[in-house]
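I have placed the structure first, in the form of structure tokens, so that the comments after it can refer back to it.
We did not get these values from a lab; they are worked out from the coordinates using the rules stated. Just so you know, these numbers come straight off a predicted model, no measurement behind them.
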Amino acid sequence: MRQRRLMNQINVVPYIDVMLVLLVIFMVTAPMIQTGTIDVPTAGQSARPPAEAMIIEVAADRSLAVKRSANSTARKLSDLEFQRFLRETLETNPEQSFLIAADKTLPYQKVVDVLEAVRRAGVRKVSLQTASSQ
């Protein structure tokens, strides 16, 4: 009578097959997944902006306006006037801080474009304004 020898190895070939099938399924379905909508501008309780910060307003129609302080009236500017305004302000005070108040319905790319324009002008202190979530 022959003795049966115990097999102490695991055959991993079926597991590799299953993993490859799962990989193909995920690769095919991943581009079809729709992304969710994010309502970015709301945030928790935040501190008030510094009194000396100038406010850059980006309206829903993508127009730019600048306020010297929170209490002053907004002055609408074109893109070229906006760049000139930034240069003149930084010549007067290189440490001037800015606050970007963008409409929440704007595409995120427009807000990034304004941030990039401010950075190119040489502004070092810039932040985004958010609404309280209360």
Antiparallel DSSP beta bridges within the stretch 47-132, as percent of all bridges there, nearest 5: 45 percent
Square roots of five times the Cα gyration tensor eigenvalues for the stretch 47-132, Å: 18, 16, 12
